[in-house]
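Novice: This is the structure, below, for whatever I ask next.
None of the figures in this text is laboratory data; all of them are computed from the coordinates on show. Just so it is clear, the model here is predicted, and its values are computed rather than measured. Reconstructed Cβ throughout: ideal geometry from the backbone, glycine too, with neighbour counts over all protein chains shown.
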């Protein structure tokens, strides 16, 4: 009913805007249309026009509880009967893919299924969380949020030669179970944190700020102030959506139309990032900041490099601002040549994309977002005033950008958004949909939580457990709700067709990375070594993307393959790999003919099938029945049913008598290709 009303009002509004003769285009008319559009938007999300959205209010405080207690209460209220627990074969496949992005090996399946001890499942979860594969799986989730890419895209698709350091930092952080509040501090202000006890931690603090540099930039933009403000706008967007689940970019031009974010709030936050140096220069084609990393073997070289670089940059700035004479022009050119040569010398030192504090400044509000029409008054650097009653913003430091203060404000245990947003993302990783179905839109345009009390309890528990992401995995995955089977029943589906109340587990299609990795593992081709800097293979003339795609044939895990803006690897494009130009809250899932054609015709599928047959070919004592068991365990983490065995035997031995070896091997390969093309291989029950 709500959506019918919304459709009617939208149609009426559109009629009003198109019927030029009947309604005078006055301020009253414009206001009326605006009210109608805002009202229809609130109908979509189910949120009413309250002064403060639910997500801006303090989290509820509750004592002891459990995931299942909150879910059972809703199921009872909705008259829904939950599904039974999934079988052990389904559970190990689900848990292993969820935490590592890989299928379990046959021996791991049998070991778990045959383990008689009651804590077998708990030990499985602990083992998977301790695996280095865990960081590769969950780090990839984070890279979607951080719009990670190895090229700039936009107008100048130059290669980011050191972006991989940020990728590896993210993977390390998840494997180390770095507290989420520390993870935030490092990415927003790692360079401003006190020196750590070892060089690797100091290096990570610098590398982490690459989060702010990763976005695409119009490097050839000749209005350099516009370029810098566009970079600031992109940083505000990714920070607000990633950590707070809020999109505030429209406040660059006007007060937010739906949420209580003023335009002045936007420019208060913009001052923080405008006081941060992201671009190293603003030449004809601008360049981003690359910082030399601390290392015990080159600390002396690095200090000398930094000192000389700062002196040259200061001298160049002084000459640029001075009156121009022929001698000064020569001096400037000479200094620029020296700086370029110094940069080539520093290329031998490990560097990372990073930021640093720049010229500290408060910004005026820009009328309609145009930097050429600033207001007279400057806005003090700050953040959203609407949250002050819940978690007041500390005073900004006069001689620093304010990034560290901003990060500490986000990590305040009473912040109403930070913990809620992150636990919702973790929940989504295990159920396919969050308790809030719009993970990066927690304002009025987003969906209401299906289990608001559970969300707040999880957020409070997350903070109380030291912001441990692995502790959240354990809490969620050990629940009965997570372990239910995914079978659909007509009566339950009629009452809750979208499974909003979690009476069953959701069936989910694998993303393209675990799909590709599972194929490589099945064929015995997967290289589990770190991919490091594969970007060298795509770098062409003057550091632009070369157009060469050979690197994508590398057997490393998919997370280590280069991510190219403006050019997505063919297999990735077919299976909905996102455009890495902006923060992505959740991936789309399309069904199209090219996906079936991939499994029918792609060279990789044939290689996997051949390899699986050859693995058992030398074992002459192994019967076809035993081979089938091994292949089904490898691909589906279960044994074949009696019917499946009969179908396979009939297909392979179609004429009812022993066949020539070559023909039999060909039919075995074809049968494996049929299995690979099945939904069971690409979906998670």
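Novice: Report the full-extension gain for the segment residue 356 to residue 58: residue separation times 0.36 nm, less the Cα-Cα distance, to one decimal in nm.
Specialist: Using 0.36 nm per residue and subtracting the Cα-Cα distance, I get 104.0 nm.
Novice: Pop a pseudo-label 7 angstrom from the Cα along the beta-carbon direction at both residue 69 and residue 201 and give the gap in nm to one decimal.
Specialist: The answer from the label model is 3.7 nm.
Novice: At a Förster distance of 35 Å, what's the computed FRET efficiency of residue 643 paired with residue 81, Cβ-Cβ distance as r, to 0.05?
Specialist: Here the calculated transfer efficiency is 0.75.
Novice: Using a/c under 1.5 as the rounded threshold, could you call the range 399-543 rounded, prolate or oblate? The axes a ≥ b ≥ c are square roots of the C-alpha gyration tensor eigenvalues, and prolate needs a/b larger than b/c, oblate otherwise.
Specialist: oblate
Novice: Shape call for the range 447-503 from the C-alpha gyration tensor, a ≥ b ≥ c root eigenvalues: rounded (a/c under 1.5), prolate (a/b greater than b/c) or oblate?
Specialist: Oblate.
Novice: Shifting gears a bit: Given points 7 Å out from each Cα along the Cα-Cβ axis, report the residue 284 to residue 617 separation in nanometres with one decimal.
Specialist: The modelled label-to-label distance comes out at 5.8 nm.
Novice: Take residue 602 and residue 525, extend 7 Å from each Cα along the Cα→Cβ direction, and tell me the distance between the two endpoints in nm.
Specialist: Placing both labels 7 Å beyond Cα along the Cβ direction yields 1.0 nm.
Novice: On to the next question. Arranged by the count of other C-beta atoms within 10 angstrom, fewest first, what order do 588, 488, 611 take?
Specialist: Exposure proxy ranking, most exposed first: 588, 488, 611.
Novice: Sticking with this structure for a sec: Distance from the Cα centre of the range 435-473 to that of the range 548-585, in angstrom?
Specialist: The distance from the Cα centre of the range 435-473 to that of the range 548-585 comes to 30 Å.
Novice: With r defined as the distance between the Cβ atoms of residue 495 and residue 534 and R0 fixed at 41 Å, what FRET efficiency is calculated, to the nearest 0.05?
Specialist: For R0 = 41 Å, the calculated efficiency reads 0.25.
Novice: Then there's this: Could you tell me the extents of the range 83-130's C-alpha atoms along the three principal axes, largest first, rounded to whole Å?
Specialist: Principal extents (Cα only, largest first): 24, 24, 19 Å.
Novice: If you rank 248, 421 by fewest surrounding Cβ atoms within 10 Å, what's the result?
Specialist: Ascending Cβ contact count within 10 Å gives the list 248, 421.
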